[in-house]
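Notes to accompany the following structure.
The values are calculated or read from the model by the stated rules, or taken from the named source; none is laboratory data. What you are looking at is a predicted structure, and each value in this text was computed from that prediction instead of being measured. Here Cβ is always computed from backbone atoms with ideal geometry, including for glycine, and neighbour counts include all displayed protein chains. Heavy atoms of the whole protein, side chains included, go into the accessibility calculation; ligands, DNA and RNA do not. Shrake-Rupley method; radii C 1.70, N 1.55, O 1.52, S 1.80 Å.
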Amino acid sequence: MAVGSSPTPPEIRSPERDRPEDAAGAEGEEEEEFGDAFDIPHKNASHDSLLRWRQAALVLNASRRFRYTLDLKKEEEKEIIRRTIRSHAQVIRAVFLFKEAGENDPREAYTGIQLATGSRSFPIELEKLKTLNRDHDSVLLQETRGVKGLSDLLKSNLDMGINPTEDELLQRRDVFGANTYPRKKRKNILRFIFDACKDLTLIILMVAAAISLTLGMATEGVEEGWYEGGSIFLAVFLVILVTATSDYRQSLQFQHLNEEKQNIQVEVLRGGKRFRTSIFELVVGDVVPLNIGDQVPADGILISGHSLAIDESSMTGESKTVHKDQKAPFLMSGCKVADGYGSMLVTGVGINTEWGQLMANLSEDNGEETPLQVRLNGVATFIGMVGLSVAGVVLGVLAIRYFTGHTKNPDGTVQFRAETTGLKQGFMGAIRILTIAVTIVVVAVPEGLPLAVTLTLAYSMRKMMRDKALVRRLSSCETMGSATTICSDKTGTLTLNKMTVVEAHFIGTRLDPCDDVRAISSSSAALLIEGIAQNTTGTVFLPEDGGAADVTGSPTEKAILSWGLKIGMDFNDVRSKSSVLHVFPFNSEKKRGGVAVQSDTGVHIHWKGAAELVLSSCKSWLSLDGSVQPMDAQKRNVYKRSIEDMAKSSLRCVAFAYCQCDIEKIPKEDIADWKLPEEDLTLLGIVGIKDPCRPGVRNAVQLCKNAGVKVRMVTGDNIETAKAIALECGILDANGVISEPFVIEGKAFREMSEIARGEIADKITVMGRSSPNDKLLLVQALKRKGHVVAVTGDGTNDAPALHEADIGLAMGMSGTEVAKESSDIIILDDDFTSVVKLCHLVTCL
């Protein structure tokens, strides 16, 4: 038997095959020996007996089969028991897993990274952060336990920020990348040479030089030919070389200017201290405060915010602002803060953001031509075409005269006779005619004109940069030289923007000195300090070593917070005793800002803003003993005189007021839409803030007057404060008329008709209590009168006026990114004297 084969089954004979009828044929075979042990001879049983045996066998076989049939009921009971045991085992396993997870750091459960082995990295992968930022994945954010859990994964602190050490920052840049994006490769000098050769004027000269060289060699010899044609080639070569070198240096300068333009200064919180740094220095994990007008410096998650609205049109194309809260906490790099303020946790920087990828694929267009360049290039091209036309006419006339026999030699003989003049002599005559035509072209084309424009532009750009002016649009350089009026801000432009509280009026009397609050009751002082500490966008950092406090914020906020420290304010302690319910950010239209805070004593609504506007909303005042007294006409006049006296001393007046609010009146839902009560307030006090004029401003204003450029002050300050500063700067003459329409409030100008505004626009010298829309209306009225208007601005709401003006001048230090984007020139030092230097420089050029 072969290996692996099956044995042959024995033959089983059926009874039908061995019927009794066959017995006769088998009688002779009874004696035959059977070799097969299974070949059993038949017993010749009858057919009936065989049938009975078969029926018995079938019954027996059936009983054996049904003996092993599956019992479905018992099997179902067994399955139920198995399921019960399995579910109990899973519950017990889950209990142990939850217990183990509670004992371990939650970051290990999320990422699967053991913190003991991941100390050199971060327990969250870069790809997860990319997914979070790109898809705005709320589910993934919830898996990390929100912004608090995400800050733990990034080893950051929402209240203190990250560790500011250099090693920490370097590690984060290595893991998550830097907040930069790759620049496109700059063109080399050979590319600029090639571009210079494509100038139409130079092409005409090169063709003329080649023809002159060929004709000169043919008619006057090799030496004379090289002298004539080579001199033209040398001039063209020098023009190309100087133009290419100048353009190359100009491109380097543009690159430097663009880097300066993109190097935005942002506030960041590190080690519990706020300070300003370059946007390129941000890293993942940083805590960044956001204020109105700021650019979102990186991708991130909102930590907290009040009335925060983001303009995402630069990324989404939708002009509608998007309100951000805990339901929509994702912030995209490159967007602008349209309203409110807040803070964010940086989760993506540089090329790992959509803004970074977009900027990496764009290149700055440095090939912009000014109107002067366009006009001069057009003139050069026109002269060249006229030269070609004249040369063509001269060539045709001389050729006709020559070949018709009208051209004679000095001895009177005809130069060309068809019958006698040889081929060579006739050809040389035609060459001389062609040489005259080429000479006309060479003389007519002004090859130095494009070069002169390029050199002048490069020089002016370098000079402007040295004078603290960053030019965003080249055409504004020429327009600036034609300016007839300058509408300037006061704060930070005409003044130093270094403010200090020098006068204070409380409980109806003047404090002397301004930080002596011993006469004020403790309850009144506590209310005032609560309003100063909570109703602010600034911060106070107290070093652990007991050094001087570091105050951050806008100049006005810094002045008020510094004064608050002098009267005994513990910034962190006061803020910890009450919680902010809702905030109304400072608004340039209403010129006030408010906050609702809840403490153990109830809910207080604190307001701070322009003194006369806040005073008009007050119906009571706080007395010496802390009791609330009604504001009668006599007391209101006392406060008004105090405001006027401070304003006449060129002080900025800021008032503090508050009111109590029943907690039942506070909406439980949609508190973001709650309008804070701003009437029936109780006046707490008024302070006067000094902001001295910049040195040299008076001389700069006088220089403008001598040049025929009128300087106008447009400010949001009190009209008396504006007049005092204008007199100090020389904008107003003490011997002149200081009344309407020369000095006017923005509200009065705004309520006039368009015709009336146009009639008095020329006369306006100072506009106080103006809104950004008032500045826009003034610019439009002056332009209709034929003025070339330059406007300075720093706020987000100044953007329409900056865009409408012929020259928009944004402030580089105090200006918001929205204002800078709308401007033509950025004044890097915020100094009005730099504006005047710019006008003088462009005029000289």
Residue satisfying all of: in region 514-530; among the acidic types (Asp, Glu) and in contact (Cβ under 8 Å) with a residue 12 or more places away in the chain; least open to solvent (accessible area, probe 1.4 Å) among these: 530
If I ask for residues that are over 15 Å from residue 532 (Cβ atoms) and touching a Pro at 6+ places or on another chain (Cβ under 7 Å), which ones from region 585-618 would you list? 588
Can you tell me which residue among 150, 170, 158 is modelled with pLDDT of 90 or more, out of contact with any Phe, Trp or Tyr (no Cβ under 9 Å at 6 or more places or on another chain) and more than 21 Å from residue 305 (Cβ to Cβ)? 170
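Residue check: is residue 121 free of Cβ contacts under 8 Å to residues at least 60 places away in the same chain and either farther than 24 Å from residue 316 by Cα or in a loop (DSSP other than H, G, I, E, B) (or both)?
Yes; evaluated as a whole, the condition is true for this residue.
For (1) surrounded by 11 or more Cβ atoms within 10 Å (Cβ to Cβ); (2) part of a helix (DSSP H, G or I); (3) of a type in the set (Phe, Trp, Tyr); (4) without any contact (Cβ under 8 Å) to a residue 40 or more places away in the chain, each residue gets a yes or a no:
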{"site": "384", "(1), (2), (3), (4)": "yes, yes, no, no"}
{"site": "387", "(1), (2), (3), (4)": "yes, yes, no, no"}
{"site": "390", "(1), (2), (3), (4)": "yes, yes, no, no"}
{"site": "395", "(1), (2), (3), (4)": "yes, yes, no, no"}
{"site": "402", "(1), (2), (3), (4)": "yes, yes, yes, yes"}
{"site": "410", "(1), (2), (3), (4)": "no, no, no, yes"}
{"site": "421", "(1), (2), (3), (4)": "yes, no, no, yes"}
Filtering region 168-187 for residues that are surrounded by fewer than 13 Cβ atoms within 10 Å (Cβ to Cβ) and within 22 Å of residue 276 (Cβ to Cβ) leaves a count of 1
Of the listed residues (148, 187), the one being in contact (Cβ under 8 Å) with a residue 12 or more places away in the chain and among the charged types (D, E, K, R) is 187
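Answer yes if at least one residue in region 726-737 is farther than 27 Å from residue 492 by Cβ and open to solvent by 10 Å² or more (accessible area, probe 1.4 Å), and no otherwise.
yes
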Unique match (being modelled with pLDDT of 90 or more and open to solvent by less than 10 Å² (accessible area, probe 1.4 Å)) among 561, 613: 561
Residue 232: passes all of (1) modelled with pLDDT of 80 or more; (2) aliphatic (A, V, I, L, M); (3) surrounded by 16 or more Cβ atoms within 10 Å (Cβ to Cβ); (4) over 23 Å from residue 359 (Cα atoms) but (1)
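Every residue, every condition in (1) open to solvent by 30 Å² or more (accessible area, probe 1.4 Å); (2) within 42 Å of the chain's Cα centre (by Cα), yes or no:
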| site | (1), (2) |
| --- | --- |
| 482 | yes, yes |
| 498 | yes, yes |
| 501 | no, yes |
| 512 | yes, no |
Which residue, of 790, 781, is crowded, with 20+ Cβ neighbours inside 10 Å and outside any helix (DSSP H, G or I)? 790
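Checking the condition under 19 Å from residue 568 (Cβ atoms), in contact with a strand residue (DSSP E or B) (Cβ under 8 Å, 6 or more places away or on another chain) and not aliphatic (A, V, I, L, M), which residue from 479, 500, 484, 495 passes? First the steps, then the outcome.
On the way: 479 fails: under 19 Å from residue 568 (Cβ atoms); 484 fails: under 19 Å from residue 568 (Cβ atoms); 495 fails: under 19 Å from residue 568 (Cβ atoms).
Exactly one of 479, 500, 484, 495 is under 19 Å from residue 568 (Cβ atoms), in contact with a strand residue (DSSP E or B) (Cβ under 8 Å, 6 or more places away or on another chain) and not aliphatic (A, V, I, L, M), namely 500.
Quick grid of which residues meet (1) at pLDDT below 85; (2) in a loop (DSSP other than H, G, I, E, B); (3) open to solvent by less than 20 Å² (accessible area, probe 1.4 Å); (4) charged (D, E, K, R):
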| position | (1), (2), (3), (4) |
| --- | --- |
| 267 | no, no, no, yes |
| 280 | no, no, no, no |
| 297 | no, yes, yes, no |
| 305 | no, no, no, no |
| 318 | yes, yes, no, yes |
What is the number of the single condition among (1) farther than 27 Å from residue 155 by Cα; (2) in contact with an Asp or Glu (Cβ under 8 Å, 6 or more places away or on another chain); (3) free of Cβ contacts under 8 Å to residues at least 60 places away in the same chain that residue 308 does not meet? (1)
Here are some conditions: (1) of a type in the set (Ser, Thr, Tyr); (2) open to solvent by less than 30 Å² (accessible area, probe 1.4 Å); (3) within 30 Å of residue 611 (Cβ to Cβ). Residue 814 meets all but one. Which one does it not meet? (2)
Considering only residues that are assigned to a helix (DSSP H, G or I) and within 12 Å of residue 285 (Cα to Cα), which ones fall in region 150-183? 150, 151, 152, 153, 168, 169, 171, 172, 173, 175, 176
Could you tell me how many of the residues in region 331-341 are open to solvent by less than 10 Å² (accessible area, probe 1.4 Å), small (Gly, Ala, Ser) and at negative phi? 1
Residues in region 634-648: is at least one open to solvent by less than 50 Å² (accessible area, probe 1.4 Å) and part of a strand (DSSP E or B)? no
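Considering only region 188-229, state which residues are of a type in the set (S, T, N, Q), open to solvent by 20 Å² or more (accessible area, probe 1.4 Å) and at pLDDT below 70.
Within region 188-229, 219 is the sole residue that qualifies.
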Take the residues in region 756-778 that are under 28 Å from residue 592 (Cβ atoms) and in contact with a Pro (Cβ under 8 Å, 6 or more places away or on another chain); name whichever of them is surrounded by the most Cβ atoms within 10 Å (Cβ to Cβ). 764
Does residue 678 meet the test of being under 38 Å from the mean Cα position of the chain (by Cα) and not hydrophobic (A, V, I, L, M, F, W, C)? yes
I'd like to check something: does region 673-690 contain any residue that is loosely packed, with under 12 Cβ neighbours inside 10 Å and outside any loop (DSSP other than H, G, I, E, B)? yes
Quick one: in region 327-356, of everything that is among the polar types (S, T, N, Q) and in contact (Cβ under 8 Å) with a residue 60 or more places away in the chain, which residue is farthest from residue 592 (Cα to Cα)? 352
Could you list, in sequence order, all residues of region 657-672 that are part of a strand (DSSP E or B) and in contact with a Pro (Cβ under 9 Å, 6 or more places away or on another chain)? 659, 661
Of the criteria (1) surrounded by 20 or more Cβ atoms within 10 Å (Cβ to Cβ); (2) β-branched (Val, Ile, Thr); (3) in a strand (DSSP E or B), which one residue 322 fails: (1)
